[in-house]
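See structure below.
Throughout, read-outs are computed from the coordinates displayed, never taken from laboratory work. Model, not experiment: these values are computed from the prediction. Don't worry about glycine lacking a Cβ; one is built from the backbone with ideal geometry, like all the others, and counts go over all protein chains shown.
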Amino acid sequence: MAWIKLDHNVPRHPKIAGLSDRAFRWWIAGLCYASEFLTDGALPNVFIATVPRKAWEELIGADLWYVDDVGRLLIHDYLKHQTSKATIELERRRNRDRRTAGTPAGPPEKKPRPEGRRQNEQAVPPKSPAGAGDSIRVRREHREQAKAILRSRMGYCEHDPQCLNQVICLDLLAHELAQKAKAS
C-alpha cells in the first residue's frame, strides 16, 4: 500500500489557502490517485474526466497541476514530496523476498509467537476467594458480558494489547464477572 505525505502546514500554504473546498478535495484526490496507481504524479484522462471543469481550472491556475510538453496533466512537485513508483516497487520486492527467503515456492512461514507463550497453554481459572469453599459457576450471561467487554476494547485484552489467545482472556474475564456477581 502506498501513502501520500502532507506537511502539517499544507492548509496554510499560499497556493492551498486560496483554493475552494471543492478544488482542495480534487487536489487531494489527485494525490491519492497518483499514489494508488503509482503514476509518479501524472493524472490520466480517466481521472481528469471526473474532475469538474471549475476545480480543474482552479488547480491549474494555482500551479498545483500543470500540463507538460507532451500534453500530460501532472501534479506540481509530486516526486519532491511523494515516494516514486520505482522506490515503492523496490521496497515491495524487498519485503516479498524477505518473507519468502529460505522457503521453497510455498507460502511464507508463520511468525513465531512471543517468547513465553505457547499455543497449547490452557487457562487455569482463578481460585475462589479464601474462605469460600464452593466453586464459582460461570453462566452464559457472564460469557456474553465478557464478549461485549472484549469487543468494546477492539478485541484486545486489558492485560496485553498483543494478546494472541483471546479465548483464555474471555474465560478469565467471564470468571471475574461470575465472582463479582456472586459477591454481590
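Hey, which of these cross-link pairs are over 21 Å Cα-Cα: 5/85; 15/85; 54/80; 15/80? Going by Cα-Cα distance, 15/85; 54/80 fall outside the 21 Å limit.
Can you tell me the length gained on complete extension of the stretch residue 90 to residue 2, counting 0.36 nm per residue apart and subtracting the Cα distance?
30.4 nm
A crude spin-label estimate for the pair residue 81 and residue 57, with each label 7 Å from Cα along the Cβ direction, gives 2.4 nm. Using 1/(1 + (r/R0)^6) with R0 = 30 angstrom and r between the beta carbons of residue 97 and residue 29, what's the FRET efficiency to the nearest 0.05? Rounded to the nearest 0.05, the efficiency is 0.35. Amide H to amide H, with H built 1.01 Å from N, residue 65 comes under 5 Å of 60, 76, counting only residues 5 or more places away or on other chains.
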